[in-house]
Amino acid sequence: MPQKPATGPSSSAVASERVADHLRAAILNGELPPGARIMQEQVAERLGASRLPVREALRILAAEGLTVVKSNSGAWVSKMDMRECEGVYKIRERLEPLALSESIPHLTALQIAELADLAGQIEATTDVDRFLVLDRRLHLLTYAGCPAGQLTEMVDRFWNTTQHYRRAFARITDATGWELIHAEHRLIIEAIRRGDPEDAERFLTGHIRRTRLQLVQHPELFLEDENDTVE
């Protein structure tokens with residue numbers, strides 16, 4: 001009996017993922033700031049795609065918290081005011097320590113060594129964009145052992161929606177603030193290495209809370225003019 005040919009993702013699905021990857025990178029690296037309108041026709045033309053994969057890519061990104069899509073209106077990069085951002089950070093203070101506690105028993109020695117290496121790279125850089133990439137990689141790696149997929153999906157979404165505000169905050173952080181960030185990273189990693197979820201949770205909660213409290217002292221970070229950047 002002849003075998004059925006192997007089936008893989010459709011060409012449309014592949015195109016949608018390619019467009020989503022392009023737009024995701026543009027949003028997370030700050031090229032497309034919060035509130036920027038995303039013109040589907042221009043995205044399709046630039047990437048050599050049809051409108052259908054672009055629409056599907058925008059739905060993918062909306063599920064990740066990166067875009068807002070309105071029927072018969074268009075798509076925009078997600079944005080928050082100060083109160084909304086503060087609310088997300090309060091949720092993160094409770095959600096991420098739980099993800100970390102669940103993750104610690106399942107982290108490997110190689111992963112813990114990678115965390116230490118990432119912390120060292122973070123301490124060595126003065127470039128904000130490189131810091132954001134490394135910091136995201138470090139924290140999400142600490143949750144990599146969490147067996148609750150729904151929990152880590154929520155964590156990823158909140159990291160996406162606050163990316164722009166972390167970038168803005170990092171640009172105004174002084175030397176003392178950077179030293180605190182580095183020290184907190186070392187404390188979290190050392191608690192992970194000891195297999196101590198209580199200390200790890202406590203240090204992480206403080207790490208997120210301190211950022212929240214400092215963010216709300218800078219309302220100007222949320223008062224930028226509407227940006228009509230078009231992709």
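The values are calculated or read from the model by the stated rules, or taken from the named source; none is laboratory data. Nothing here was measured: the structure is a model prediction, and the numbers come from that model. Note that we place each Cβ from the backbone using ideal geometry, even for glycine, and neighbour counts take in every protein chain shown. For accessibility, only protein heavy atoms count, side chains too; no ligands or nucleic acids. Shrake-Rupley method; radii C 1.70, N 1.55, O 1.52, S 1.80 Å.
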- Task: Read through the list (1) among the small types (Gly, Ala, Ser); (2) over 17 Å from Thr205 (Cα atoms); (3) outside any loop (DSSP other than H, G, I, E, B); (4) open to solvent by less than 40 Å² (accessible area, probe 1.4 Å), then give the number of the only condition that Gly145 fails.
- Result: (3)
- Item | Top-ranked residue in region 96-111 [being open to solvent by less than 30 Å² (accessible area, probe 1.4 Å) and aliphatic (A, V, I, L, M); ranked as nearest to Gly195 (Cα to Cα)] | Ile104
- From the option list Ala119, Ala99, single residue qualifying as at pLDDT 95 or above, part of a helix (DSSP H, G or I) and in contact with a His (Cβ under 7 Å, 6 or more places away or on another chain) is Ala119
- Message: Which residue is surrounded by the most Cβ atoms within 10 Å (Cβ to Cβ), if the candidates are limited to region 36-93 and must be in a helix (DSSP H, G or I) and among the polar types (S, T, N, Q)?
- Response: Gln40
- If we ask which residues in region 188-226 are open to solvent by 70 Å² or more (accessible area, probe 1.4 Å) and closer than 19 Å to Arg94 by Cβ, their number turns out to be 4
- Among the residues of region 18-30, count how many are in contact (Cβ under 8 Å) with a residue 24 or more places away in the chain, open to solvent by 50 Å² or more (accessible area, probe 1.4 Å) and either assigned to a helix (DSSP H, G or I) or farther than 14 Å from Thr161 by Cα (or both). 3
- Options Ala183, Ala170; residue that is free of Cβ contacts under 8 Å to residues at least 40 places away in the same chain and either within 20 Å of Leu118 (Cβ to Cβ) or out of contact with any helix residue (DSSP H, G or I) (no Cβ under 8 Å at 6 or more places or on another chain) (or both): Ala183
